[in-house]
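Asker: Here you go, one structure.
The values are calculated or read from the model by the stated rules, or taken from the named source; none is laboratory data. Since we're looking at a predicted model, the values are computed, not measured. So basically every Cβ, Gly included, is an ideal-geometry build from the backbone, and we count neighbours across all protein chains shown. Keep in mind that these areas ignore ligands, DNA and RNA; they rest on the heavy atoms of the full protein, side chains included. Shrake-Rupley method; radii C 1.70, N 1.55, O 1.52, S 1.80 Å.
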Amino acid sequence: MEHRDIVIVGGGMVGSALAAALAGHGLSIAVLEQQAPQPFDAEQEPDLRVSAISPASAQFLRRIGAWDRLLAMRAAPYRLMQVWEQHEAGGTLFDAAEAGVAQLGHIVENRVVQLAATAALLDKGGVDYRCPAAVEDIVYRPQASQVTLADGGRLQARLLIAADGAHSRVREAAGIAVASRDYPMHALVLSCRMDSGQQDITWQRFTPDGPQAFLPLAGDAASLVWYHRPERIRQLLALGDDELIAAVSQAFPRKLPGIVRIAARGSFPLVRRHAQCYVKDGVALAGDAAHTIHPLAGQGVNLGFQDAAALAATILAAHGKREDWAGAAALARYQRARKPANLAMQAGMDAFCYGFSNDIAPLRLLRGLGLRLANRAGPLKREAIRYALGLGPQRR
């Protein structure tokens, strides 16, 4: 049996970033990742799974040494975001300049984020990074949880951290319940080559059947997301490339650049999840292991990075004060910092999802009025943008 202060199960974007934030402070840490991400090659087509990395998340990734590595691979900054309804002409345009920042965010492939965070972690040294590491069994005990690996290795940890995704085995082993609900739509995701150059705007249009989104990627690449009823998504997936391009071009707004080629396609169901609690004595949940939200604003991984930053700060502060940093009392500070914020973001995304994905006349009028008012809100709009980006009020 090998002993570690902390064992992080899951070395994806959030788990590897969390380990990098904890490294170098006198704690023995092991990270268990099931599958290594494919190495980056600039000639590869962009991946299907991408995230909108907010300025606050970029600051966190910079602090742990991952951001420059990420930019050296591939990322697409955007400074404009437009939101409108199917029946609205203009909608609301959000501009980075209004919030006093250079960009509203960067669209980055999830694999690139993971590669950069893992490289930062390994560069710090002192962390037992195991990949591939298949978990065979997890036994939760408040003072000394045990993880058994498929290769026969056994680890004992004072603190077990769940960064192993929505179907977390750590969460299950710790007996933490989760509330979940399916959204009435699936997402079709397309990685495409467009007939335009690099774009610096992302947009979302809301229709009665679900949102449609354009996410710029590096060069002439883009990610298109089409939310619709599950049966319609299945029909679209069954089409050939030319038929699918025609269907997208007909259904999406006219401002969509022409699609030259579909590089990859995929779909996934949408599920809202939230753990009953984030911590117990000797265990903590972060990222998708604690919560999943509707992906229409790309906030999922940003919430995960905020979890990682808050959990690392909580542990290190308690460790520095010689407190029981893995105990329920110390970890409760992390839960108090993150659970209300995550619930609020979930509620906000639900409001957008259900409030805009219908064609009820009174709601349509209210939505149009709200978008027009948002366009003229001035300082209120500026602070709303900064809040959505994870930034504080703008200093004068």
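Asker: May I ask you to list the residues in region 1-28 that are on the phi < 0 side of the Ramachandran plot, buried (at least 24 other Cβ atoms within 10 Å of the Cβ) and in contact with a strand residue (DSSP E or B) (Cβ under 9 Å, 6 or more places away or on another chain)?
Answerer: VAL7, ILE8, VAL9, GLY11, MET13, GLY15, SER16, LEU18, ALA19, ALA20, LEU22
Asker: Which residue, of ALA297, ALA329, is at pLDDT 55 or above, open to solvent by 30 Å² or more (accessible area, probe 1.4 Å), hydrophobic (A, V, I, L, M, F, W, C) and closer than 25 Å to ALA102 by Cβ?
Answerer: ALA297
Asker: Got at least one residue in region 337-348 being in contact with a Ser or Thr (Cβ under 8 Å, 6 or more places away or on another chain) and either in contact (Cβ under 8 Å) with a residue 40 or more places away in the chain or surrounded by fewer than 17 Cβ atoms within 10 Å (Cβ to Cβ) (or both)?
Answerer: First, the residues of region 337-348 that are in contact with a Ser or Thr (Cβ under 8 Å, 6 or more places away or on another chain): 337.
Still in the running and either in contact (Cβ under 8 Å) with a residue 40 or more places away in the chain or surrounded by fewer than 17 Cβ atoms within 10 Å (Cβ to Cβ) (or both): none.
No: region 337-348 contains no residue that is in contact with a Ser or Thr (Cβ under 8 Å, 6 or more places away or on another chain) and either in contact (Cβ under 8 Å) with a residue 40 or more places away in the chain or surrounded by fewer than 17 Cβ atoms within 10 Å (Cβ to Cβ) (or both).
Asker: Further, regarding this structure: Only one of ARG273, ARG322 is on the phi > 0 side of the Ramachandran plot and outside any helix (DSSP H, G or I). Can you tell me which?
Answerer: Exactly one residue qualifies, and that residue is ARG322.
Asker: Ok, one more. Report every pair of residues separated by at least 6 positions or lying on different chains whose Cβ atoms are under 6 Å apart, first residue within region 22-41 and modelled with pLDDT under 95, second polar (S, T, N, Q) and surrounded by 15 or more Cβ atoms within 10 Å (Cβ to Cβ).
Answerer: Once the first residue is modelled with pLDDT under 95 and sits in region 22-41, its partners that are polar (S, T, N, Q) and surrounded by 15 or more Cβ atoms within 10 Å (Cβ to Cβ) give PRO37/GLN114.
Asker: Return the total of residues in region 97-107 being at pLDDT below 90 and surrounded by fewer than 21 Cβ atoms within 10 Å (Cβ to Cβ).
Answerer: Of all residues in region 97-107, those at pLDDT below 90 come to 97-101.
Then keep just the ones that are surrounded by fewer than 21 Cβ atoms within 10 Å (Cβ to Cβ); that gives 97-98, 100-101.
Number of matching residues: 4.
Asker: Based on this model, can you work out whether ALA72 counts as at pLDDT 95 or above, among the small types (Gly, Ala, Ser) and open to solvent by 50 Å² or more (accessible area, probe 1.4 Å)?
Answerer: The answer is yes for ALA72.
Asker: Scanning region 254-263 for residues that are in a strand (DSSP E or B) and open to solvent by less than 30 Å² (accessible area, probe 1.4 Å), which turns out farthest from GLU231 (Cα to Cα)?
Answerer: Result: ILE259.
Asker: Among the residues of region 325-355, count how many are hydroxyl-bearing (Ser, Thr, Tyr) and either over 15 Å from ALA162 (Cα atoms) or not in a helix (DSSP H, G or I) (or both).
Answerer: 1
Asker: Give the number of residues within region 217-258 that are in contact with a Cys (Cβ under 9 Å, 6 or more places away or on another chain) and either farther than 17 Å from ALA76 by Cβ or aromatic (Phe, Trp, Tyr) (or both).
Answerer: Counting residues in region 217-258 that are in contact with a Cys (Cβ under 9 Å, 6 or more places away or on another chain) and either farther than 17 Å from ALA76 by Cβ or aromatic (Phe, Trp, Tyr) (or both) gives 3.
Asker: Follow-up question, since we're still on this one. Give me the pairs, please: first residue somewhere in region 143-158 and within 15 Å of ASP281 (Cα to Cα), second residue anywhere and of a type in the set (Ser, Thr, Tyr), beta-carbon distance under 9 Å, and either six or more positions apart or on two chains.
Answerer: Correct list of pairs: GLN146/TYR140; GLN156/SER145; ALA157/SER145; ARG158/SER145.
Asker: Applying the selection to region 311-326, what residues are under 22 Å from the mean Cα position of the chain (by Cα) and surrounded by 21 or more Cβ atoms within 10 Å (Cβ to Cβ)?
Answerer: Once the filter is applied, which keeps residues that are under 22 Å from the mean Cα position of the chain (by Cα) and surrounded by 21 or more Cβ atoms within 10 Å (Cβ to Cβ), region 311-326 yields LEU311, ALA312, THR314.
Asker: I've got another one for you. What strands (runs of 3 or more DSSP E) lie completely within region 161-238 and have 1 or more residues being closer than 30 Å to LEU22 by Cα?
Answerer: Per the criteria, 178-194.
Asker: Would you pick out the residues in region 170-196 that are within 28 Å of LEU93 (Cα to Cα), hydroxyl-bearing (Ser, Thr, Tyr) and either open to solvent by 30 Å² or more (accessible area, probe 1.4 Å) or modelled with pLDDT under 95 (or both)?
Answerer: First, the residues of region 170-196 that are within 28 Å of LEU93 (Cα to Cα): 183-196.
Among the residues that remain, those that are also hydroxyl-bearing (Ser, Thr, Tyr) are: 183, 191, 196.
Residues satisfying the conditions are TYR183, SER196.
The rows are residues; the columns are (1) closer than 22 Å to GLU45 by Cα; (2) open to solvent by 50 Å² or more (accessible area, probe 1.4 Å); (3) among the polar types (S, T, N, Q); (4) in contact with a His (Cβ under 6 Å, 6 or more places away or on another chain).
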| position | (1), (2), (3), (4) |
| --- | --- |
| GLN198 | yes, yes, yes, no |
| PHE206 | no, no, no, no |
| ALA213 | yes, no, no, no |
| LEU217 | yes, no, no, no |
| LEU224 | yes, no, no, no |
| LEU244 | yes, no, no, no |
| GLN250 | no, yes, yes, no |
| GLN276 | no, yes, yes, no |
| LYS280 | no, yes, no, no |
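Asker: Any residue in region 164-187 that is among the β-branched types (Val, Ile, Thr) and closer than 30 Å to ASP41 by Cβ?
Answerer: Taking every residue of region 164-187 in turn, none turns out to be among the β-branched types (Val, Ile, Thr) and closer than 30 Å to ASP41 by Cβ.
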